Amino acid sequence: MQNLDLSKIKKIFFVGIGGIGISAVAHMMFLERKEVSGSDMAENELTRELSGLGIKITIGQSFELIPADADLIVYTIAIPHYDAKFFSQIVHSGISYKSYPEMLHYVTNNKYTVAVSGTHGKTTTTAMIGKILVDAKLDPSIIVGSILKEYKSNLVVGKGNHFVVEACEYKRSFLNIKPKILVITNIEADHLDYYKDLADIQNAFVQLILQTGDVVIYDGRNIDISVLVHGYRSKVIDYSKYLEKVPKLSVPGEHNRMNAAAAFAAAAALDISEEIIKKSLAEFSGTWRRLEKRGETKNRTVIFDDYAHHPTEIKASIEALRELYPLGVKRITIVFQPHLYSRTKALFNDFAKSFKGADRIILLPIYFAREEKDESVSSGKLAEAICQNGEKAIAFTDFELAEEYLKGEKFGENDVFVTMGAGEAYKVADQVFGLTFDTK
């Protein structure tokens, strides 16, 4: 990696500044009194938050938007994939450039970094650990892939030496971080538009384990992780052994109890007292878009929004909802937007079996993000497969048709309405019930 002296950087332009991770780094650079600007393809809550600070953000994407006198360009890792011409202009501009994951290296390198990795649970576990460290008066910095309710932001900048960061495996991004403590929540086949298979994913995690300084925390019951940590030169901790110490949580679901156990193990490794850890976890209220209760309608229909976009996450969320609302007590309607053609295709059979416990499933068109359209897979085909597995599912070719259909349905006090997915499914609840999506 080409060296970068951030102390000499005065003017930075962020491409894709509205992304959940890159926006945190932009915010951090602004707080360090650098001149920050950026662009994104659409406005969102994060761009509005940054604009409110005085950061100039342009909606659109082109090289001409980048100031000629910029000292540094920071870009989202999706750019090289879906806009090769634009990325080539960045590379040949003569301006220094770094990806968002590379910037994580520079902002965490001189800190005692606690990195949270894994296929599922990264965001919640990161938020839990961050909260414990705050409650323990360690004054940490935190970057999380969601909005922390207490701070109304995805960034906390503390004066202490600890930095808690969510570490994403996509394109081996997390290898830019050299953590002192590494938490691996779980490992499953995902991001198969980049990785060849599970073994390829495991190889990336092995590299991250090998560059971890002090402690690796993992689920000893998960064979796909356990085989990776044998021979690690430093300390390893099986976080499943902390499950019995987890207090009663405000957030439902066995998956959240596992997240809390991982957070408990990380905090214990930092010699934080069990009293502080238990109190902090018991008070944890969740994060934005992680099975977040948005409220109730006048007819007392309960509205949730959830980021689940992998079969395992969908199952966990439905199980958590059924803890709150048992079968026969409430009718659960899920509006799901599949994320990526490649993920839907690779995990198609798992998706078809993942909605057990929901009363009906409304499927929106696939959110293809960085990919070209793939006619071999669709929400319609997925709906057919879900029905073949005994559930009730219907697919719509656009949001408007789905919204029109749902507006014709009757929702009342016996209903739970859940928008789900990594894309824009939440907008359906906005339209059907006249809600305003509030990330704060």
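The values are calculated or read from the model by the stated rules, or taken from the named source; none is laboratory data. Model, not experiment: these values are computed from the prediction. Cβ placement follows ideal geometry from the backbone for every residue including glycine, while neighbour counts extend to all protein chains displayed. Accessible surface areas use protein heavy atoms only, side chains included; no ligands, DNA or RNA. Shrake-Rupley method; radii C 1.70, N 1.55, O 1.52, S 1.80 Å.
Quick look at the values:
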| item | result |
| --- | --- |
| Unique match (being open to solvent by 20 Å² or more (accessible area, probe 1.4 Å), of a type outside the set (Phe, Trp, Tyr) and modelled with pLDDT of 95 or more) among Ile394, Ile386, Ile361 | Ile394 |
| Those residues of region 258-283 which are open to solvent by 30 Å² or more (accessible area, probe 1.4 Å) and either touching a Phe, Trp or Tyr at 6+ places or on another chain (Cβ under 6 Å) or modelled with pLDDT under 95 (or both), in sequence order | Glu283 |
| Residues of region 284-319 satisfying the condition of being among the small types (Gly, Ala, Ser), at pLDDT 85 or above and surrounded by 19 or more Cβ atoms within 10 Å (Cβ to Cβ) | Ala308, Ala316, Ser317 |
| Filter result for Ala346 (under 21 Å from the mean Cα position of the chain (by Cα), surrounded by 22 or more Cβ atoms within 10 Å (Cβ to Cβ) and not acidic (Asp, Glu)) | no |
| Failed item in (1) acidic (Asp, Glu); (2) under 23 Å from Ile77 (Cα atoms); (3) open to solvent by 60 Å² or more (accessible area, probe 1.4 Å), with Asp193 passing the rest | (3) |
| Options Gly220, Gly213; residue that is without any contact (Cβ under 8 Å) to a residue 60 or more places away in the chain and in contact with a strand residue (DSSP E or B) (Cβ under 7 Å, 6 or more places away or on another chain) | Gly220 |
| Tabulated pairs, region 4-33, first more than 21 Å from Val144 (Cβ to Cβ) and in contact (Cβ under 8 Å) with a residue 60 or more places away in the chain, second of a type in the set (Phe, Trp, Tyr) and not in a helix (DSSP H, G or I), C-beta under 8 angstrom, 6+ apart or interchain | Val15/Tyr75 |
| Condition broken by Thr419, with the remaining ones in (1) at pLDDT below 95; (2) open to solvent by less than 30 Å² (accessible area, probe 1.4 Å) satisfied | (1) |
